[in-house]
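Only one structure is covered here, and it is reproduced in the block below.
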Amino acid sequence: MIRVVLADDEALIRVGVRTILSADPGIAVVGEAATGAALVDLAAAERPDVALVDIQMPGGDGLSAIAGLRRASPGTAVAVLTTFGRDEYVVRALGEGANGFLLKAGDPRELIAGVHTVAAGGACLSPRLARRLAERFRSEPERPEPAADAARRLAALSPRERDVLALLGEGLSNAAIARRLHLAEDTVKTHVSSVLARLDVGNRVQAAIVAYQSGLVRG
């Protein structure tokens, strides 16, 4: 059973997320918080497997709450709930090491799959959000020629590793990639580790962004 806590200052959002997750018998929502401070206290008490966190909340923003949550419950994976209008916060949360980024208005199946992915130690990024972030990075002057840099990184991959990266960019789990490529899941895990190392990125989220920046995956 995956134990989840929710943190969002909007009660309707919490009700909606809880309802979606309750449809999965393998997920249990064990607590809710409306502020960052309450989230940290809740995580310390419940030690959940996953925390779904809104970035903008009263009583300390979500970024501060993530840092506090990491100290209070180091074993808890963090998935950020966000909207397209707040992607600048997603960039900052990426730097803080969040395990996943999910759209509040996304497909309910995507939310459930994201919880399973981060609970299993993976990282997830909504494909639509990955495209948005890649476009943002392309337009930032402090990031010169990001497409060229991504293409350079891509050149270090084998053809099979490119196949795996493309599917990472689509937001697929290791199991789904294994089915798509007709490979054993352990083989996919090995390929994913190699892709992360060759791209010099810290997790699947950052790898997915490289896939979009390079043009390997297109919206």
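The values are calculated or read from the model by the stated rules, or taken from the named source; none is laboratory data. Not measured: the values here are computed from a predicted model. Virtual Cβ from ideal backbone geometry, glycine too; neighbours counted across all protein chains shown. Surface areas here come from the heavy atoms of the whole protein model, side chains and all, with no ligands, DNA or RNA. Shrake-Rupley method; radii C 1.70, N 1.55, O 1.52, S 1.80 Å.
Here are the numbers:
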quantity	calculated
Residue match in the stretch 50-69 (condition: more than 22 Å from residue 103 (Cβ to Cβ) and free of Cβ contacts under 8 Å to residues at least 12 places away in the same chain)	no
Number of the exception - residue 182 against (1) open to solvent by less than 30 Å² (accessible area, probe 1.4 Å); (2) at positive phi	(1)
Pairs where the first residue, in the stretch 25-44, is free of Cβ contacts under 8 Å to residues at least 60 places away in the same chain and surrounded by 17 or more Cβ atoms within 10 Å (Cβ to Cβ) and the second is polar (S, T, N, Q) and assigned to a helix (DSSP H, G or I), C-beta under 7 Å, 6+ apart	29/22; 36/64
Residue that is most open to solvent (accessible area, probe 1.4 Å), among those in the stretch 185-212 that are polar (S, T, N, Q) and over 23 Å from residue 79 (Cα atoms)	190
Per-region count, the stretch 1-12, residues surrounded by fewer than 16 Cβ atoms within 10 Å (Cβ to Cβ) and not in a loop (DSSP other than H, G, I, E, B)	2
Of residues in the stretch 20-58 being assigned to a strand (DSSP E or B) and of a type in the set (D, E, K, R), the one nearest to residue 81 (Cα to Cα)	54
Top-ranked residue of the stretch 56-104 - restricted to ones that are modelled with pLDDT under 70 and aromatic (Phe, Trp, Tyr), ranked as most open to solvent (accessible area, probe 1.4 Å)	84
Per-region count, the stretch 162-190, residues closer than 14 Å to residue 217 by Cβ, modelled with pLDDT of 90 or more and not hydrophobic (A, V, I, L, M, F, W, C)	3
Residue 17 outside any helix (DSSP H, G or I), within 19 Å of the chain's Cα centre (by Cα) and surrounded by 22 or more Cβ atoms within 10 Å (Cβ to Cβ)	no
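Residue-wise test of (1) under 22 Å from residue 116 (Cβ atoms); (2) of a type in the set (Ser, Thr, Tyr); (3) without any contact (Cβ under 8 Å) to a residue 60 or more places away in the chain.
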{"site": "153", "(1), (2), (3)": "no, no, no"}
{"site": "162", "(1), (2), (3)": "no, no, yes"}
{"site": "166", "(1), (2), (3)": "yes, no, yes"}
{"site": "170", "(1), (2), (3)": "yes, no, yes"}
{"site": "181", "(1), (2), (3)": "yes, no, yes"}
{"site": "185", "(1), (2), (3)": "yes, no, yes"}
{"site": "188", "(1), (2), (3)": "yes, no, yes"}
{"site": "197", "(1), (2), (3)": "no, no, yes"}
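For (1) buried (at least 19 other Cβ atoms within 10 Å of the Cβ); (2) aliphatic (A, V, I, L, M); (3) modelled with pLDDT of 80 or more, each residue gets a yes or a no:
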| residue | (1), (2), (3) |
| --- | --- |
| 118 | yes, yes, yes |
| 144 | no, no, no |
| 147 | no, yes, no |
| 156 | no, yes, yes |
